[in-house]
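What follows is one structure encoded as structure tokens, with my remarks underneath.
The values are calculated or read from the model by the stated rules, or taken from the named source; none is laboratory data. All of these numbers come straight from a predicted model, not from anything done at the bench. Glycine also receives a Cβ, built like all others from the backbone with ideal geometry; neighbour counts cover every protein chain displayed.
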């Protein structure tokens, strides 16, 4: 991931990926066939007791085999926790995921049209003073409600 694959203009953020050869594999041995852009928030987000956030964006993401664009919150101090507003795993679907402090994945896969921009919203709220409830919307329609174990008070990077 590098800044050469990030562009901002006319109110739009564009991340691109290019096919490459000759890259060293990841530490777990996965081949790297693409270089892509990535951005991070400057400040972490923390769901406080009684609080929460709503994240909304318009996305046009590829869904072809070999691509894996994603937009997520991940723990500042440790992993887990993780909440994925969107993860496209190259199979034509969009995945909404939560990975709680109990190391349990919750995933819902939904068909996704990559032919036009789609509006995604993720409401991340305190559920009970301990757990975080996340509601995932695609074009204003609720797709999934998930609970992240013991995520209240944990800082996240966007």
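Structure notes:
- Test: residue in the stretch 20-40 that is within 30 Å of residue 130 (Cα to Cα) and touching a residue at least 40 places away in the same chain (Cβ under 8 Å): yes
- Scanning the stretch 131-147 for residues that are surrounded by 14 or more Cβ atoms within 10 Å (Cβ to Cβ) and assigned to a loop (DSSP other than H, G, I, E, B) gives a single hit, 131.
- In the stretch 34-50, of all residues being part of a loop (DSSP other than H, G, I, E, B) and surrounded by 14 or more Cβ atoms within 10 Å (Cβ to Cβ), the one that is modelled with the highest pLDDT corresponds to 47.
- Against the conditions (1) closer than 22 Å to residue 30 by Cα; (2) over 14 Å from the mean Cα position of the chain (by Cα), residue 70 satisfies every one except (2).
- Hits in the stretch 52-70 - residues which are at pLDDT 90 or above and within 13 Å of residue 158 (Cβ to Cβ): 53, 54, 55, 56, 57
- Residue in the stretch 87-100 that is in contact with a helix residue (DSSP H, G or I) (Cβ under 8 Å, 6 or more places away or on another chain) and either surrounded by fewer than 15 Cβ atoms within 10 Å (Cβ to Cβ) or not in a loop (DSSP other than H, G, I, E, B) (or both) present: no
- Residue within the stretch 111-122 that is at pLDDT 95 or above, crowded, with 20+ Cβ neighbours inside 10 Å and closer than 25 Å to residue 48 by Cβ present: yes
- Of all the listed residues (150, 78), the sole one being surrounded by 14 or more Cβ atoms within 10 Å (Cβ to Cβ), within 22 Å of residue 51 (Cα to Cα) and assigned by TED's automatic domain parsing to the domain that holds residue 59 is 150.
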